[in-house]
Amino acid sequence: MSEAILECRNLKKYFDTPRGKLHAVDDVSFSIETGKTLGVVGESGCGKSTLGRTILRLLPATSGQVLFEGRNILECDKKESVELRRKMQIVFQDPYASLDPRKTVFQTIAEPLQFHKMYATADGVEARTYELMRTVGLTERYASMYPHEMDGGRRQRIGIARALSLNPKFVVCDEPVSALDVSIQAQVLNLLMDLQEQMGLTYMFITHNLSVVKHISDEIAVMYLGQMIERASSRDLFANPAHPYTKALLAAIPMPVLGQKNLESEALSGELTSPVDPKPGCRFAPRCPYATKECAEAPYQLREIAPNHWCACPMAGKL
Ligand SMILES: Nc1ncnc2c1ncn2[C@@H]1O[C@H](COP(=O)(O)OP(=O)(O)OP(=O)(O)O)[C@@H](O)[C@H]1O
Ligand SMILES: [Mg+2]
């Protein structure tokens with residue numbers, strides 16, 4: 001078994017809001033092995049992006065630990081911080097919003113190389129920039145173009161080239177294909193998977209779209225109101241979902257395969273409760289068709305219900 005490159009221990013990120021403390025990420029623990037992909041799924045507002053950003057230290061954590069290559073990076077000094085910024089990168093959902101409209105493709109990709117002084121000469125930067133463009137499938141004729149002159153798929157290729165320019169080890173992909181046409185999504189997903197293999201990258205792949213994450217993830221984690229409520233291998237999660245919330249999410253995916261057994265779960269109903277000063281007990285209970293009195297008081301705990309299959313439903317195995 002290979003080593004975990006990244007491990008989160010009891011990670012919390014709370015926001016102070018006028019209504020109280022918003023528990024965006026609440027006591028999240030997991031690890032990702034080198035070269036693997038963890039898919040992170042859940043409805044809008046469940047804390048996926050906040051989790052990714054807190055791991056990358058784009059947001060300060062409230063408490064907990066993030067171990068990268070065995071070291072708690074929430075406590076590192078300035079010099080280590082610069083080094084970590086190279087090793088841990090992010091690809092955003094909306095390449096248009098994350099790219100500077102006044103910079104050409106060449107300037108955009110060259111910028112991190114110049115900032116981190118990766119090459120002593122301009123020739124070195126230029127050669128590497130063109131190499132990166134080729135890697136993500138952009139020919140040289142795009143070098144002098146601006147983001148607005150390109151389509152969404154090519155813009156996302158710029159975002160990927162920029163994220164990869166410093167030879168990172170770990171990349172958070174935050175809904176990288178959600179803003180793209182369906183026809184282009186597969187191309188960008190294939191590119192990300194090819195690059196992972198070539199460069200030995202480890203991904204945390206955030207999406208609200210379970211069918212996207214199925215093929216590219218080794219493991220999948222499901223989040224609900226800041227908590228990780230189920231985690232298993234991609235195959236296990238789709239074959240044997242244990243948490244009623246996961247079952248409802250899977251039941252909501254259109255199943256194109258004829259004859260495929262429909263999951264017995266009902267569609268999601270009821271209101272999404274608020275992550276502000278949440279009550280104790282299972283956060284999904286108010287919407288859960290199986291909730292019992294016990295659920296309203298059960299403390300949050302991910303339990304291993306089968307080998308490497310973790311579930312926080314208090315009734316898992318009892319239903
Ligand atoms: N800077 C902030 N200040 C206060 N609350 C925030 C802030 N950023 C995020 N939140 C809140 O934290 C919770 C989690 O938000 P987050 O953006 O991480 O969700 P998400 O799962 O990425 O959603 P989406 O699928 O819509 O991108 C939400 O309730 C959101 O309103
Ligand atoms: Mg998000």
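For the range 51-61, the criterion of being touching a Gly at 6+ places or on another chain (Cβ under 9 Å), within 12 Å of ligand 2 (Cβ to nearest atom) and under 18 Å from Lys12 (Cβ atoms) is met by at least one residue.
Name the one entry in Ser98, Ser81, Ser29 that is within 15 Å of ligand 1 (Cβ to nearest atom) and touching a residue at least 24 places away in the same chain (Cβ under 8 Å). Going through Ser98, Ser81, Ser29 in turn, just one is within 15 Å of ligand 1 (Cβ to nearest atom) and touching a residue at least 24 places away in the same chain (Cβ under 8 Å): Ser98. In the set Ala61, Ala24, only one residue is hydrophobic (A, V, I, L, M, F, W, C), within 19 Å of Thr273 (Cβ to Cβ) and either in a helix (DSSP H, G or I) or within 16 Å of ligand 1 (Cβ to nearest atom) (or both); that residue is Ala24. Selection within the range 54-75: residues that are of a type in the set (S, T, N, Q) and either touching a residue at least 60 places away in the same chain (Cβ under 8 Å) or within 20 Å of Asp16 (Cα to Cα) (or both). The member of this set that is surrounded by the fewest Cβ atoms within 10 Å (Cβ to Cβ) is Ser63. Considering (1) within 16 Å of ligand 2 (Cβ to nearest atom); (2) exposed (fewer than 14 other Cβ atoms within 10 Å of the Cβ), the lone condition that Val177 does not fulfil carries the number (2).
Just to be sure, is Val91 out of contact with any Phe, Trp or Tyr (no Cβ under 7 Å at 6 or more places or on another chain) and at pLDDT 90 or above? For Val91, the condition - out of contact with any Phe, Trp or Tyr (no Cβ under 7 Å at 6 or more places or on another chain) and at pLDDT 90 or above - is met.
Sort out which residues of the range 139-156 are free of Cβ contacts under 8 Å to residues at least 60 places away in the same chain and in contact with a Leu (Cβ under 7 Å, 6 or more places away or on another chain), and write them in order of number. Steps first, answer last, please.
Filtering the range 139-156 down to residues free of Cβ contacts under 8 Å to residues at least 60 places away in the same chain leaves 139-154.
If the condition is that a residue be free of Cβ contacts under 8 Å to residues at least 60 places away in the same chain and in contact with a Leu (Cβ under 7 Å, 6 or more places away or on another chain), then Pro147, Gly152, Gly153, Arg154 are the ones that fit.
Could you tell me which numbered condition Tyr290 fails, if it satisfies all but one of (1) modelled with pLDDT of 95 or more; (2) of a type in the set (Phe, Trp, Tyr); (3) in a loop (DSSP other than H, G, I, E, B)? Here Tyr290 meets the rest and fails (1).
For residues that are modelled with pLDDT under 95 and within 13 Å of ligand 2 (Cβ to nearest atom), scanning just the range 15-45, find the one that is surrounded by the fewest Cβ atoms within 10 Å (Cβ to Cβ). Checked the range 15-45; the qualifying residue surrounded by the fewest Cβ atoms within 10 Å (Cβ to Cβ) is Ser44.
Got a sec? Which of Val66, Val105 is closer than 26 Å to Glu219 by Cβ, aliphatic (A, V, I, L, M), in contact with a helix residue (DSSP H, G or I) (Cβ under 6 Å, 6 or more places away or on another chain) and more than 16 Å from ligand 2 (Cβ to nearest atom)? Among Val66, Val105, only Val66 is closer than 26 Å to Glu219 by Cβ, aliphatic (A, V, I, L, M), in contact with a helix residue (DSSP H, G or I) (Cβ under 6 Å, 6 or more places away or on another chain) and more than 16 Å from ligand 2 (Cβ to nearest atom).
Filtering the range 126-141 to residues that are surrounded by 19 or more Cβ atoms within 10 Å (Cβ to Cβ) and within 23 Å of Val182 (Cβ to Cβ) leaves Val136, Leu138.
Whenever a residue of the range 161-177 is at positive phi, its partners that are among the hydroxyl-bearing types (Ser, Thr, Tyr), lying with C-beta atoms within less than 6 angstrom and at least six residues away or across chains, give the pairs Glu175/Thr207. Beta carbons closer than 8 Å, at least 6 apart along the sequence or on distinct chains, pair a first residue in the range 118-132 that is free of Cβ contacts under 8 Å to residues at least 12 places away in the same chain with a second that is among the β-branched types (Val, Ile, Thr) and buried (at least 16 other Cβ atoms within 10 Å of the Cβ) for Tyr119/Val125.
The values are calculated or read from the model by the stated rules, or taken from the named source; none is laboratory data. All values reported here derive from a predicted model rather than from experimental measurement. Using ideal geometry, Cβ is built from the backbone for each residue, glycine included, and neighbour counts are taken over all protein chains shown.
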